[in-house]
Amino acid sequence: MVQRKGRRHNYGECFLKLRILIIGGAGYIGSHVVREFLDRGHSVTVFDNFSSGLRENLFPEANFIYGSIMDYPALVSACRATVDAVVHLAAFKAAGESMLQPEKYSVNNINGTVNILNAMSEAGVTRLIFSSSAAVYGKPEYLPIDEKHPVNPENYYGFTKLEIERMMEWYSQLRGIRFASLRYFNAAGYDVKGRISGLEQNPANLLPLIMETAAGMRKELSIFGNDYDTPDGTCIRDYIHVSDLAAGHAAALDYLGSEGRDITVNLGSENGSSVTQMLESARRITGRPIPATVAPRRPGDPAALTASAALARKLLGWKAEHSSLDTLIASTWEAYKKRAAPL
């Protein structure tokens with residue numbers, strides 16, 4: 001038994017070798033989650049169709065099934081292969097695209113998750129870790145955002161994540177599938193040991209766009225607005241290292257095994273960094289000029305978004321350990337500089 005802040009947790013199961021199916025495990029975040037579970041001695045099977053994942057992100061220690069979440073029989077077969085838990089990272093995630101192609105996000109994110117839940121129910125798998133998002137909150141009413149903050153998504157992507165959370169609540173009640181919903185803030189960085197180097201496909205987040213510019217893969221970076229009510233006028237976001245996110249998945253699975261209760265928590269660094277801070281730090285660390293121009297604001301972009309991760313600390317014993325700005329940038333540059341054009 002482990003005593004933690006007045007609560008008693010039986011974490012005996014976390015020392016068992018579990019069989020984990022990671023759907024979307026060849027993607028940017030998914031590959032880091034796979035690496036975390038492998039490092040902890042678990043047996044991992046990756047289920048992916050490479051719609052955004054990469055073969056180079058697969059590890060020889062993990063099993064692999066090529067499959068789509070639209071293929072219900074394949075999901076049932078994968079879940080029946082003596083699986084103890086499922087990790088779901090297969091949702092589409094581009095907020096802007098979701099507003100232009102809601103049909104695509106409905107089919108993949110919502111219908112695909114129904115297939116996963118039904119396959120788990122049919123196969124008798126009762127633990128699910130879900131990659132949710134801070135996008136469920138919408139425009140912040142206060143900062144830092146905690147789990148009690150109202151949920152009011154401002155894009156269709158965030159709506160699909162919230163609907164999935166609601167579906168999981170019903171399947172928990174009706175089918176006994178216990179879930180952990182992990183509301184990510186801004187995922188960034190790469191494995192600090194350099195074991196993952198597959199670049200994101202068509203990235204939309206700030207740090208990979210900065211790295212593409214540093215590497216000469218794009219001409220310049222667009223800064224969307226520099227007149228916000230922040231110290232330097234650019235937007236502030238909470239960047240969480242992807243390895244810290246991966247550790248959160250493992251801690252959440254331990255929690256489901258020991259407590260047997262559903263959980264919804266934020267995973268964030270609790271620190272805010274502005275676009276300008278990120279850019280200037282990247283110039284310093286990479287030694288590259290990284291051209292940038294100011295563009296008009298994007299509709300719906302709040303000035304600042306930062307997380308409270310107090311609940312994750314309390315219930316999971318989790319905290320961000322690799323999410324300093326320098327670590328985020330340096331670990332990402334290690335992946336990108338291999339493709340960088342010479343100065």
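Being in contact (Cβ under 8 Å) with a residue 60 or more places away in the chain, polar (S, T, N, Q) and either open to solvent by less than 30 Å² (accessible area, probe 1.4 Å) or in a strand (DSSP E or B) (or both) is the requirement here; does residue 213 meet it?
So residue 213 passes the test.
Give me the pairs: first residue in the stretch 327-343 and closer than 14 Å to residue 196 by Cβ, second residue surrounded by fewer than 21 Cβ atoms within 10 Å (Cβ to Cβ) and among the charged types (D, E, K, R), beta-carbon distance under 8 Å, and six or more apart or on different chains, which are they? Sorted first by the residue in the stretch 327-343, then by its partner, the pairs are 331/191; 336/212. The criterion of at least 2 residues that are modelled with pLDDT of 95 or more and in contact with a helix residue (DSSP H, G or I) (Cβ under 8 Å, 6 or more places away or on another chain) is met, among strands (runs of 3 or more DSSP E) falling completely within the stretch 1-120, by 19-23, 43-48, 85-88. Checked against (1) more than 24 Å from residue 332 (Cβ to Cβ); (2) outside any strand (DSSP E or B); (3) aliphatic (A, V, I, L, M), residue 192 passes all but a single condition, namely (1). Scanning the stretch 139-169 for residues that are farther than 20 Å from residue 311 by Cα, open to solvent by 60 Å² or more (accessible area, probe 1.4 Å) and not in a helix (DSSP H, G or I) yields 139, 152, 154. Taking the conditions (1) surrounded by 18 or more Cβ atoms within 10 Å (Cβ to Cβ); (2) more than 30 Å from residue 166 (Cα to Cα) in turn, residue 316 satisfies each one other than (2).
If you check 123, 74, 85 for being open to solvent by less than 10 Å² (accessible area, probe 1.4 Å) and of a type in the set (A, V, I, L, M, F, W, C), only one passes: 85. Only one entry of 39, 48 meets the criterion of being open to solvent by less than 30 Å² (accessible area, probe 1.4 Å), of a type in the set (D, E, K, R) and within 29 Å of residue 254 (Cβ to Cβ), and that entry is 48. One residue alone among 206, 199 is out of contact with any strand residue (DSSP E or B) (no Cβ under 6 Å at 6 or more places or on another chain) and either modelled with pLDDT under 95 or surrounded by fewer than 16 Cβ atoms within 10 Å (Cβ to Cβ) (or both), and that residue is 199. For the stretch 240-277, the candidate set comprises residues that are among the hydroxyl-bearing types (Ser, Thr, Tyr) and under 22 Å from residue 135 (Cβ atoms); within that set, the residue that is farthest from the chain's Cα centre (by Cα) is 274.
The values are calculated or read from the model by the stated rules, or taken from the named source; none is laboratory data. Because the structure is predicted, anything quoted here is derived from the model rather than measured. FYI the Cβ positions are ideal-geometry reconstructions off the backbone, even for glycines, and counts take in every protein chain you see. Areas reflect the complete protein model, heavy atoms only, side chains present, ligands, DNA and RNA absent. Shrake-Rupley method; radii C 1.70, N 1.55, O 1.52, S 1.80 Å.
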